[in-house]
Amino acid sequence: MNPTTSTTSVSTTACHQDHQHWQYIIRQQEEEIRQLRSLLLEVMEQYNCRSLRHDAVDYYRDLNHLQTKLNRLHRDMICEGADCPADIQQLECTNTRFGLSATIERHTTALVNEFSRIKDGCLQFLSGMMSLNLL
């Protein structure tokens, strides 16, 4: 086996593993966002208190914006399946030196950090409601 081919094969394998890792992270974030939005919808449906609804709406809106960013990242960089543009599927790991792996990691890390910030505030809000026996 040609040493260059072996290196490329290992790099491509590593790239595919990274790709799967980031797909998993994004799916996990999407599931948590769905769960939080569901809880927030319950709050918005049950309570007419302006301050409670206002906070719930703000967190819900922030989660929607984050979901939009995740959808864009998923579509543009981590696309899979029949809905993906063919060029993304072909480029994901063909040239790892210029591949998307580092870009995916940077964008995903930024979104995970943004989600953590939103989630922390949202959970604090929901915890406060639970401590007041409102949930």
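Below, the figures for the structure above:
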| read-out | value |
| --- | --- |
| Any hit, segment 105-114, residues being part of a helix (DSSP H, G or I), exposed (fewer than 12 other Cβ atoms within 10 Å of the Cβ) and at pLDDT 60 or above | yes |
| Test: residue in segment 37-50 that is at pLDDT 75 or above, of a type in the set (Ser, Thr, Tyr) and more than 20 Å from the chain's Cα centre (by Cα) | yes |
| In segment 32-52, the residues that are open to solvent by less than 80 Å² (accessible area, probe 1.4 Å) and under 30 Å from Ile104 (Cβ atoms) | Glu32, Ile33, Leu36, Arg37, Ser38, Leu39, Leu40 |
| Residue identified as under 18 Å from the mean Cα position of the chain (by Cα), modelled with pLDDT of 80 or more and part of a helix (DSSP H, G or I) among Asp58, Asp62 | Asp62 |
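The values are calculated or read from the model by the stated rules, or taken from the named source; none is laboratory data. These figures come from a predicted structure and were not determined experimentally. Counting neighbours? That spans all protein chains shown, and the Cβs are built from the backbone with ideal geometry, glycine included. Just the protein is used for accessible areas: all its heavy atoms, side chains included, with ligands, DNA and RNA removed. Shrake-Rupley method; radii C 1.70, N 1.55, O 1.52, S 1.80 Å.
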